[in-house]
Every structure is written in C-alpha cells, then in structure tokens.
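Structure first, then comments.
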Amino acid sequence: MNRPDPSKLNWQKATDDENAEEYIEVAFGDHDDVHLRTNTDPDTIVTTTQAKWDAFVLGVQAGEFDHFVGL
C-alpha cells in the first residue's frame, strides 16, 4: 500500500460539532482504500480497505464497540 498524498484526498470530519477541538477525519481514496487521521496529527494516516471500513461502521451501528466507551 502506497502512502497517499494527504493534500489530494477529500477529508471529511467525522463530527458535526463545530467546536470540537479534536476529531477524526476520513478520506476515501483509490483502489478501495479508506484513510483515517486525527486533526491534531494529520501526518499520521491509517489506511484500511473499504470492506474493513464497512464492517467497522456496521459494528459501531450495532453497538459492538460500546464496551470501549469511557475507557
């Protein structure tokens, strides 16, 4: 997997809170790649596949990660 050029990706904030000091950004790239980063460390990018991203999102919606809240 090649490191993407962050400036060429369309980053989307994963929050509607305009006052959020820290948040995750998501960008959908070429070859079914999904890129994640935090706004406080934008040079560190985690890349996964569309299939894994979809499974994660469905898991969040189903409450499969609720036990991590408040850790």
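FYI, it's all coordinate maths here, none of it is from the lab. Keep in mind it's a predicted model, so treat the numbers as computed, not measured. Don't worry about glycine lacking a Cβ; one is built from the backbone with ideal geometry, like all the others, and counts go over all protein chains shown.
Observations
- Here the 3J(HN,Hα) profile of the range 63-68, calculated from phi with Karplus coefficients 6.51, -1.76 and 1.60 at θ = phi - 60°, is x, 5, 10, 4, 5, 7 Hz, Gly and Pro shown as x.
- Contact order, relative form, for the chain: 18 percent (alpha carbon pairs under 8 Å, 6 or more residues apart, mean separation divided by residue count).
- Between the amide H of Trp11 and any residue lying 5 or more places away or on another chain, no distance stays under 5 Å, with hydrogens modeled in the peptide plane.
- Treating each Cα of the chain as one equal point scatterer and applying the Debye formula with no solvent, the log10 of I(q)/I(0) at q = 0.12, 0.13, 0.19 Å⁻¹ comes out as -0.37, -0.43, -0.89.
- Computed from point charges on the beta carbon alone (+1 for Lys and Arg, -1 for Asp and Glu), the dipole magnitude for the chain about its Cα centre is near 260 Debye.
- Low-density loop positions, GluC sites (Glu not before Pro), the chain - DSSP coil, at most 15 other Cβ in 10 Å: Glu18, Glu21, Glu22, Glu64
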